[in-house]
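Comments concern the structure below.
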Amino acid sequence: MNVNPEAPVSRIRLRHPSPPKIFQERHGKPRRGREKGAAGWLGRARNLFWSWWIWIAAALVLETLDHQGWAVACASVGFFCYLVAPREHIPVYGLESSQSVDSSEFLANVTGACGVPVVQGNRLSVLNNGDEFYPAMLQAISNARHTITMEAYIYWKGEIGLRFANALAAKRRAGIEVKLLLDAMGSASIGKEILKVLKDGGCDVVWFNPLRLRTIGQYNNRTHRKSLIVDGRIAFTGGAGIADHWKGNATDPRHWRDIQVSYEGPAALGLQTGFAQNWLNITGELIVGDGYFPVCPKMGNIGVQTILSTPNSGSSAIRIMYYLSIVSARERIFISNPYFIPDDSAVEILIEARNRGVDVKVMVAGIYNDMRVSRYSSIHLYGKLLKAGIEIYEYNRTMLHQKTMVVDSVWSTVGTTNFDNRSFALNEESNISVHDRGLAKQLEDIFFKDLKDCQQVQLASWSTRGWKTRLLGAVCVFIKQQT
């Protein structure tokens, strides 16, 4: 196929004894395993370019040489790099193939490494496209008896946004607590009409990380979560926000392809915890009580692991889950993600999985793509994966937006996380993971149904892509992997 991104102080120093030699040997680089994704000269150059201290040092030198204009320019670039630079600790050691995902050892590893237990006793449904998930969400709001909380990256003006606003306002007037945490950048186009309906109805609407001088260092941290929790018992999450382009059934380019999951039971408290922590961080209000955190009986037989990622933790729990799943795969890995921009470690472990006989298929957004930077970045990174025999498919019916992965027909994850550095290192994200063959089979069936609307990327056509795609791809990867 032809890859076409253009289509539609002085301190007293005390002398300490030298550490033992064995500590010196192990300090910094552990012995266990080989480093994954070791940066080459180009990667080191990219990292150096984005190092804020290089630019500040250059500004100081230029200032001493009386080049004030250039000094100010370099200082500004340095300040920008400081603001946008991810501060995540990415795993590069310990990514070895050990236990399979179909083992109790894998579950123990992913639970311990991510710091999140698997909560049993839930009922779970997969909801395809707006025709399924919006009615289910609105019905849950209508049935609310105590509390409704929503955390959203995208809440835009339009018909569906107004329907949700009216439903939420009606429940608040009926005495139900309604709290919305909206991202100040992603939901900036919510519109005055919807805000008026929500506020006149008495709903608590709070903006996540609005641009303020005192918090400018946090502005690159966005909440990319899409969570709706009703009575602390029913939870929804997935790829979709509240906007008209998610309506319908993905029948044309104006209606996006996406997946949400709803689950009822004790595991709903996981998403509620994520909302409560961010609400506390932004407002200073601690939300507690049975309406938010009830003692919930078992509603089904599904165990759910709710993984919350935040840059404040220093490492992405969701990235860790993805990487552990990939290195533990034995038979197949099916990834569906619109913005697929793997870092060097991810590329290496995906190739290693293929080399040990794992069938690796990746489905990405194709010609209908709302993020050209991501589109060009993905294309630029196809090469190594294709050469290793990994199959890449571009979904060309409309904008593909779901974020799912199924491993060995037993381990599944669905959520808000894109397979890129912004989601892993800079955003607030949420994914649920489930160890269940029934759900895995359902998601695999959806994956293969969507393949009918895809075009497979061939190595030959990728290798002969035009100079513009090559140049823009290199530039976009340079930018996207650092911000």
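The values are calculated or read from the model by the stated rules, or taken from the named source; none is laboratory data. Every value quoted in this text rests on a predicted model; they were computed, and no experiment measured them. Counting neighbours? That spans all protein chains shown, and the Cβs are built from the backbone with ideal geometry, glycine included.
If you go through region 137-150 and keep only what is surrounded by 21 or more Cβ atoms within 10 Å (Cβ to Cβ) and touching a Gly at 6+ places or on another chain (Cβ under 7 Å), you end up with just T147. A count restricted to region 378-393 and to residues that are in contact with a Cys (Cβ under 9 Å, 6 or more places away or on another chain) and not in a helix (DSSP H, G or I) stands at 1. Condition (residue is modelled with pLDDT of 80 or more, more than 29 Å from N421 (Cβ to Cβ) and of a type in the set (D, E)) applied to region 101-108: is it met by at least one residue? Taking every residue of region 101-108 in turn, at least one turns out to be modelled with pLDDT of 80 or more, more than 29 Å from N421 (Cβ to Cβ) and of a type in the set (D, E). Any residue that is β-branched (V, I, T), under 21 Å from the mean Cα position of the chain (by Cα) and under 16 Å from I229 (Cβ atoms) - is there at least one of those in region 150-169? Scanning region 150-169 turns up no residue that is β-branched (V, I, T), under 21 Å from the mean Cα position of the chain (by Cα) and under 16 Å from I229 (Cβ atoms).
When T413, T417 are screened for being in a loop (DSSP other than H, G, I, E, B) and modelled with pLDDT of 95 or more, only T417 passes. Pairs meeting the criteria (first residue in region 251-271 and closer than 12 Å to I302 by Cα, second residue surrounded by fewer than 23 Cβ atoms within 10 Å (Cβ to Cβ) and among the aromatic types (F, W, Y), beta carbons under 6 Å, at least 6 apart or on different chains) are lacking.
Conditions tested, residue by residue: (1) of a type in the set (K, R); (2) within 21 Å of E352 (Cβ to Cβ); (3) part of a helix (DSSP H, G or I); (4) touching a Phe, Trp or Tyr at 6+ places or on another chain (Cβ under 6 Å).
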| site | (1), (2), (3), (4) |
| --- | --- |
| C81 | no, no, yes, yes |
| V92 | no, yes, no, no |
| A108 | no, no, yes, no |
| T111 | no, no, yes, no |
| L127 | no, no, no, yes |
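Within region 434-483, if we keep just the residues that are among the small types (G, A, S) and either within 24 Å of the chain's Cα centre (by Cα) or not assigned by TED's automatic domain parsing to the domain that holds L381 (or both), the residue that is surrounded by the most Cβ atoms within 10 Å (Cβ to Cβ) turns out to be G473. Just a yes or no: is a residue in region 168-175 assigned by TED's automatic domain parsing to the domain that holds G232 and closer than 24 Å to S430 by Cα? Yes: one or more hits. If you go through region 262-290 and pick out every residue that is in a helix (DSSP H, G or I) and buried (at least 19 other Cβ atoms within 10 Å of the Cβ), you end up with 10.
Out of everything in region 420-433 that is of a type outside the set (D, E) and outside any helix (DSSP H, G or I), what residue ends up being surrounded by the fewest Cβ atoms within 10 Å (Cβ to Cβ)? Among them, the one singled out is I432.
Quick one: is V414 more than 30 Å from Q218 (Cβ to Cβ) and assigned by TED's automatic domain parsing to the domain that holds L472? When the stated conditions are applied, V414 does not pass them.
Residues that are at positive phi and crowded, with 20+ Cβ neighbours inside 10 Å within region 355-375 are absent altogether.
Please verify whether region 221-233 includes one or more residues that are touching a strand residue (DSSP E or B) at 6+ places or on another chain (Cβ under 9 Å), at positive phi, of a type outside the set (G, A, S) and not assigned by TED's automatic domain parsing to the domain that holds A425. Yes, region 221-233 has at least one match. The single residue among D131, D102 that is of a type in the set (D, E) and part of a helix (DSSP H, G or I) turns out to be D131. Quick check on L127: is it under 14 Å from I234 (Cβ atoms), under 20 Å from the mean Cα position of the chain (by Cα) and surrounded by 15 or more Cβ atoms within 10 Å (Cβ to Cβ)? It is true that L127 is under 14 Å from I234 (Cβ atoms), under 20 Å from the mean Cα position of the chain (by Cα) and surrounded by 15 or more Cβ atoms within 10 Å (Cβ to Cβ).
When G186 is tested against (1) more than 27 Å from I282 (Cβ to Cβ); (2) part of a loop (DSSP other than H, G, I, E, B); (3) of a type in the set (G, A, S); (4) under 24 Å from the mean Cα position of the chain (by Cα), just one condition goes unmet, and that condition is (1). If you take the residues of region 33-45 that are assigned to a helix (DSSP H, G or I) and not hydrophobic (A, V, I, L, M, F, W, C), which of them is surrounded by the most Cβ atoms within 10 Å (Cβ to Cβ)? Restricting to residues being assigned to a helix (DSSP H, G or I) and not hydrophobic (A, V, I, L, M, F, W, C), the top hit is G43.
Residues of region 436-483 that are among the small types (G, A, S) and over 30 Å from S103 (Cα atoms): A460, S461, S463, G466, G473, A474. Residues in region 217-230 that are crowded, with 24+ Cβ neighbours inside 10 Å and more than 14 Å from the chain's Cα centre (by Cα): L228, I229, V230. Residues that are surrounded by fewer than 23 Cβ atoms within 10 Å (Cβ to Cβ) and either modelled with pLDDT under 95 or over 29 Å from H89 (Cβ atoms) (or both) within region 303-316 comprise T310, P311, N312, S313, G314, S315, listed in sequence order. Among the residues making up region 46-72, those that are closer than 30 Å to D343 by Cα and either assigned by TED's automatic domain parsing to the domain that holds V475 or surrounded by 13 or more Cβ atoms within 10 Å (Cβ to Cβ) (or both) are R46, N47, F49, W50, S51, W52, I54, W55, I56, A57, A58.
Residues in region 172-221 that are small (G, A, S) and under 21 Å from Q277 (Cα atoms): A184, G186, S187, G217.
Against the test of being at pLDDT 95 or above and either within 13 Å of V406 (Cβ to Cβ) or not in a helix (DSSP H, G or I) (or both), the options P342, P338 yield a single qualifying residue, P338.
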